[in-house]
């Protein structure tokens, strides 16, 4: 049984870790604590080398890593100055193993759930199709929740691609992504979206739920534990104002369907894991 959940901040993102913890507290019997950025305490050449070794080299290249001196130096700088990191995709399983070594020895057992909010993009390898898939979550100890993955991993709505085609026909060129996202923003989450914290709550709960039960996902599309493959699915499961399916609602008995967002019952009205191919926006 999980008695303690530790959530680690991602200060370069818009996620409010304290709000996530406050959302979890009435839903879990475990104690919830918020800690500073995990990587702040484990910097060094060795960890930088592990990050360099976890770099994904191509969408269909199973082998990972670039441990040349310049790359390792870049990773060391990114650990020290996370605001400078960007555009690199990492093997989530390798990153999880690297961070597992850094957990306190007395907090590695099943009584602890460490959930690391990361400002890095993560992916896992699909043996079924021989390519990498971007992820929001990588369950384990610690569990990783990729904030960039929330925006990049789920497939975008059809209207995004329809607008892309329409603009291409009119202008003869593909419009900038920023313009497309602006035009259909209500259908999915944009980078630094104000709804990010609310959406992340469900993914953090998935991580704790997996360590508690061994079952990370739910098949009900309106449940917070649903493994959404599209942005519309994420919005439905995490931001629609519903709570859980009947089964998981019974587990998390303190859930109030009218107050399931971090800001209360009106948050959705006011504002109005998972995996994608590395080289496309389509999740499988």
- Least to most buried among 107, 63, 36, 49, by other C-beta atoms within 10 Å and fewest first, runs 63, 36, 107, 49
- Cα radius of gyration and Dmax for the range 4-277 (Å): 18.7, 61
- Item | Spin-label pair residue 63/residue 178, simplified geometry with 7 Å Cα→Cβ offset, distance in nm | 3.8
- Query: Hey, quick one: spin label on residue 102, modelled 7 Å out along Cα-Cβ, who in the range 142-158 has an amide N within reach, i.e. under 16 Å?
  - Reply: 142-147
- Note on the structure: In the range 49-188 the DSSP beta bridges are antiparallel at a rate, in percent to nearest 5, of 55
- Using the number of other C-beta atoms within 10 angstrom as an exposure proxy, rank 91, 173, 193 with the fewest first. 173, 193, 91
- Message: Report the Cα-based extents of the range 1-120 along its three principal axes, largest first, to the nearest Å.
- Response: 46, 29, 28
- Message: For the pair residue 220/residue 168, report the inter-label distance in nm, with labels modelled 7 Å from Cα in the Cβ direction.
- Response: 4.0
- Percent antiparallel among DSSP beta bridges confined to the range 4-277, nearest 5, equals 40
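Among 46, 75, 220, 152, which comes first, second and so on when ranked by fewest other beta-carbon atoms within 10 Å? Can you show the working numbers first?
Numbers: 46 11, 75 25, 220 16, 152 21.
Least to most surrounded, the residues fall as 46, 220, 152, 75.
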- Per-residue ellipticity at 222 nm for the chain, helices alone: DSSP H runs ≥ 4 residues times -39500 (n - 2.57), over residue total, nearest 500 deg cm²/dmol? -10500 deg cm²/dmol
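When a/c is below 1.5 the answer is rounded, else prolate if a/b is larger than b/c, else oblate, so apply that to the range 2-66 with a ≥ b ≥ c taken from the square roots of the Cα gyration tensor eigenvalues.
Working: a/c = 2.58, a/b = 2.12, b/c = 1.22.
It comes out prolate by the Cα gyration axes.
Write down the Kirkwood hydrodynamic radius of the range 46-187, to one decimal in angstroms, obtained as one divided by the mean of 1/r over all alpha carbon pairs.
Numbers: mean 1/r = 0.0586 Å⁻¹.
Taking every pair of different Cα atoms in the range 46-187, averaging 1/r and inverting gives 17.1 Å.
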- Note on the structure: Given all pairs of distinct Cα atoms, the range 111-255 yields a Kirkwood Rh in Å of 16.4
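Can you list, largest first and rounded to whole Å, the semi-axes you get for the range 191-232 by taking the square root of 5 times each eigenvalue of its Cα gyration tensor? Walk me through the numbers on the way to the answer.
On the way: eigenvalues 77, 34, 10 Å².
Value: 20, 13, 7 Å, ordered largest first.
We did not get these values from a lab; they are worked out from the coordinates using the rules stated. Just so we're clear, the structure is a prediction, and the values are computed from it rather than from any experiment. Backbone-built Cβ (ideal geometry, glycine too); neighbour counts: all protein chains shown.
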